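Visitor: Provided herewith is a single structure, encoded as structure tokens, for subsequent inquiry.
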Amino acid sequence: MISKIEMQAMDAVIGIHREMRKANEIDREQRRYEIAKSMLPVVRSNSSGIMSIKQVARLAVDYADALIEELKGGNRETEESLQSR
């Protein structure tokens with residue numbers, strides 16, 4: 001039989017393990033934001049003024065999504081949506 005203090009220690013270890021695993025996870029939304037933010041001036045400078053700022057922003061986010069998908073293992077659906085624009 002496990003004593004109360006052993007049970008509390010085991011719960012603490014499990015909690016620490018969860019927190020460590022969570023801390024090591026990639027924050028994909030943050031990376032998406034950072035990539036899109038980096039792509040925005042590149043897309044804007046290559047748009048030659050023919051796209052609205054909303055279109056430029058959408059394209060920067062699409063590039064970020066495509067890069068993230070590729071890094072996760074690839075998804076050709078994202079590539080097809082970029083090519084259709």
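The values are calculated or read from the model by the stated rules, or taken from the named source; none is laboratory data. The structure presented is a predicted model; accordingly, all values stated were derived computationally and were not measured. Counting neighbours? That spans all protein chains shown, and the Cβs are built from the backbone with ideal geometry, glycine included. Please note that ligands, DNA and RNA were not included when accessible areas were found on the heavy atoms of the full protein model with its side chains. Shrake-Rupley method; radii C 1.70, N 1.55, O 1.52, S 1.80 Å.
Visitor: Can you find, within the range 64-85, the residue that is modelled with the highest pLDDT among those that are assigned to a helix (DSSP H, G or I), open to solvent by 80 Å² or more (accessible area, probe 1.4 Å) and of a type in the set (D, E, K, R)?
Guide: Once the filter is applied, the top-ranked residue is 70.
Visitor: Mind listing whichever residues of the range 1-36 are under 30 Å from residue 61 (Cβ atoms) and surrounded by 10 or more Cβ atoms within 10 Å (Cβ to Cβ)? Please lay out each step first, then the result.
Guide: Going residue by residue through the range 1-36, those that are under 30 Å from residue 61 (Cβ atoms) are 21-36.
Residues satisfying the conditions are 26, 28, 31, 32, 33, 34, 35, 36.
Visitor: For the range 19-46, name all the residues that are of a type in the set (D, E, K, R) and either closer than 12 Å to residue 64 by Cα or at pLDDT 90 or above (or both). Write out each step before concluding.
Guide: Of the range 19-46, the ones of a type in the set (D, E, K, R) are 19, 21-22, 25, 27-29, 31-32, 34, 37, 44.
Scanning the range 19-46 gives 28, 29, 31, 32, 34, 37.
Visitor: Report, by residue number, each residue of the range 42-63 that is assigned to a helix (DSSP H, G or I), of a type outside the set (Val, Ile, Thr) and open to solvent by less than 80 Å² (accessible area, probe 1.4 Å). Reasoning before the result, please.
Guide: From the range 42-63, those assigned to a helix (DSSP H, G or I) are 42-46, 53-63; that's our starting set.
Right, trim to of a type outside the set (Val, Ile, Thr) and you get 44-46, 54-55, 57-60, 62-63.
Answer for the range 42-63, where residues must be assigned to a helix (DSSP H, G or I), of a type outside the set (Val, Ile, Thr) and open to solvent by less than 80 Å² (accessible area, probe 1.4 Å): 57, 59, 60, 62.
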